Amino acid sequence: MRVFSATDVGNKRDTNQDYLFVSSDPVGNLPNLFVVADGMGGQNAGDFASSHGVQVFVDEIRRDMDYNPVRVMRHALEKANADLNARASQSPEFEGMGTTLVALTIVGKYAYIANIGDSRLYLINKEIRQVTRDHSLVQEMIRLGELNKEEARTHPKKNVITRALGAEKTVNVDFFDLVLEEGCSILMCTDGLTNMVEDKRIEEIMLEKQKTLEERGRMLVLEANHNGGQDNIAIILAEPFADEVNAC
């Protein structure tokens, strides 16, 4: 497997509330694990929500004796949600905090994905396909026919999410599974990329196979900043059937 990861503060923010976890080696009973999170909350709460939420999630996976990837991730997310929610209720500085989270593990030719919020996972194989579904206000408006995708990109409430890890006492997680094909690649990212770079342009960059995975990853970050860099940017790129690891 070949992997590249990067995060960037962007052009407008002073702090980075995005957080990544990348392991091509086993984590507990999972053969690998990749996580992207985007924290929300005032002052340091967003930083804490994303970093601590992912750390609890990963620690729980390491302790879990189950071998079913969906059950393992579900149990870990429930634990991370309870931890964040309790801290938010006990500490005024953490009140209202939460984080998006999209997680991936690849078992042979199968990919298992967990998603909460509006960070995304795309599958690229000749064309781009968004696998996850955004838990956001504008996505609900699109579903109800009140907005189209172009209008959603510039809607003043485009950053309002309807689900977040730690925001409520219970957490509702979407799970997806995919059969992967030779030559495919995977992109995981926060909305700091997708709000700045349209899917078609992401597809063009990801399909530039003459460039290395690292070069394509850096192009995505540069493109987001060139288009305004309004938010933090975090990405993980993976080519499941390649054999080089290059992460930063």
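Is the shape of the range 6-145 rounded, prolate or oblate, going by the alpha carbon gyration tensor and its root eigenvalues a ≥ b ≥ c, with a/c under 1.5 for rounded and a/b larger than b/c for prolate?
Values: a/c = 1.60, a/b = 1.14, b/c = 1.41.
Oblate, since a/c reaches 1.5 and b/c is not below a/b.
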Problem set entry | Entry for percent of Cα pairs over 25 Å apart (calculated from the structure that is shown) out of [x] 64; [y] 46; [z] 39 | [z]
Exercise. What is the list of residues in the range 97-114 whose amide nitrogen lies under 19 Å from a point 7 angstrom out from the Cα of Arg74, following Cα to Cβ?
Worked result: 101-107, 111-114
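Which chymotrypsin sites (Phe, Trp or Tyr not before Pro) in the range 26-90 pass both tests, a DSSP loop state and at most 16 other beta-carbon atoms within 10 Å? It would help to have the intermediate numbers written out before the result.
Numbers: sites: Phe34, Phe48, Phe57, Tyr67; in loops: Tyr67.
Here the chymotrypsin sites (Phe, Trp or Tyr not before Pro) that fit, given the DSSP loop and packing criteria, are Tyr67.
Compute the FRET efficiency between Phe241 and Lys149 as 1/(1 + (r/R0)^6), taking r as their Cβ-Cβ distance and R0 = 41 Å, and round to the nearest 0.05.
Values: r = 31 Å, r/R0 = 0.76.
E(calc), rounded to 0.05, equals 0.85.
Please compare each pair in Lys126/Lys149; Lys109/Lys209; Lys79/Lys149 to a cut-off of 26 Å on the Cα-Cα distance and tell me which ones are over it. Intermediate values should be presented prior to the final figure.
Working: Lys126/Lys149 22 Å; Lys109/Lys209 21 Å; Lys79/Lys149 34 Å.
Distance filter (> 26 Å) returns Lys79/Lys149.
What FRET efficiency comes out for Lys12 versus Asn159 if R0 is 22 angstrom and r is the Cβ-Cβ distance? Round to the nearest 0.05. Working shown, then result.
Values: r = 13 Å, r/R0 = 0.58.
So, using R0 = 22 Å, E works out to roughly 0.95.
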Exercise. Residue-wise, which Karplus ³J(HN,Hα) couplings in Hz belong to the range 21-34, taking 6.51 cos²θ - 1.76 cosθ + 1.60, θ = phi - 60°, and x for glycine or proline?
Worked result: 10, 9, 9, 7, 9, x, 10, x, 8, 8, x, 6, 7, 9
Seminar exercise, completed: Between the modelled labels at Arg201 and Ser24 (7 Å from Cα along Cα→Cβ) the distance in nm is 2.9 nm
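For n ≥ 4 DSSP H runs only, could you compute -39500 (n - 2.57) per run for the chain, divide by its residues and tell me the 222 nm figure to the nearest 500? Working shown, then result.
Values: 7 runs with 79 residues, N = 248.
Taking each H run of at least 4 residues, the total per residue is -9500 deg cm²/dmol.
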Problem set entry | Calculated Rg and Dmax of the range 1-57 using C-alpha coordinates, Å | 13.0, 40
For this session: Could you list the residues of the range 18-40 with an amide nitrogen less than 14 Å from a label point located 7 Å from the Cα of Met65 in the Cα-to-C-beta direction?
Result: 29
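Based on the Cβ-Cβ distance from Arg129 to Ser91, what FRET efficiency comes out when R0 is 51 Å, to the nearest 0.05?
On the way: r = 40 Å, r/R0 = 0.79.
After rounding to 0.05, the efficiency reads 0.80.
Coordinate-derived values only; no laboratory data. Since the model is a prediction, treat every value here as computed from it, not as a measurement. Every residue, glycine among them, receives a Cβ derived from its backbone with ideal geometry; neighbour counts consider all protein chains shown.
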